[in-house]
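Student: I have a structure here, written as structure tokens, and I will follow up with some questions on it.
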Amino acid sequence: MRGQPHARNLDRWQRLTDDGDVPGLHRVLTGLNVDAIEMREVSPMLGLLAQSERSEVLGRPL
């Protein structure tokens with residue numbers, strides 16, 4: 001994770017959480033557009049759940 005786009009997206013995550021922008025967070029966490037996908041590449045949510053927990057939530061086998 002390096003470079004300006006990643007730093008900019010981390011700043012955007014910070015703003016979304018600082019502002020309590022739940023609809024904005026939802027759009028980024030579930031969106032299928034390029035912007036949402038790029039935001040998730042540097043998601044501060046990474047590591048919040050163990051892979052086994054994440055798979056269970058997503059309904060996928062490990």
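The values are calculated or read from the model by the stated rules, or taken from the named source; none is laboratory data. Since the model is a prediction, treat every value here as computed from it, not as a measurement. Don't worry about glycine lacking a Cβ; one is built from the backbone with ideal geometry, like all the others, and counts go over all protein chains shown.
Student: Looking at PRO44 and the list (1) in contact with a Leu (Cβ under 8 Å, 6 or more places away or on another chain); (2) part of a loop (DSSP other than H, G, I, E, B); (3) more than 19 Å from PRO5 (Cα to Cα); (4) not aromatic (Phe, Trp, Tyr), which single condition is not satisfied?
Tutor: Condition not satisfied by PRO44: (3).
Student: Of the numbered conditions (1) at pLDDT below 90; (2) part of a helix (DSSP H, G or I), PRO61 fails exactly one; give the number of that condition.
Tutor: Checking PRO61 against (1) at pLDDT below 90; (2) part of a helix (DSSP H, G or I), the one that fails is (2).
Student: Select from the stretch 1-35 the residues that are in a loop (DSSP other than H, G, I, E, B), surrounded by 11 or more Cβ atoms within 10 Å (Cβ to Cβ) and among the small types (Gly, Ala, Ser) and list them in ascending order.
Tutor: Matches in the stretch 1-35: GLY31 only.
Student: Further, regarding this structure: If a residue has to be surrounded by fewer than 13 Cβ atoms within 10 Å (Cβ to Cβ) and either among the aliphatic types (A, V, I, L, M) or modelled with pLDDT of 85 or more (or both) to count, how many in the stretch 46-58 make the cut?
Tutor: 5
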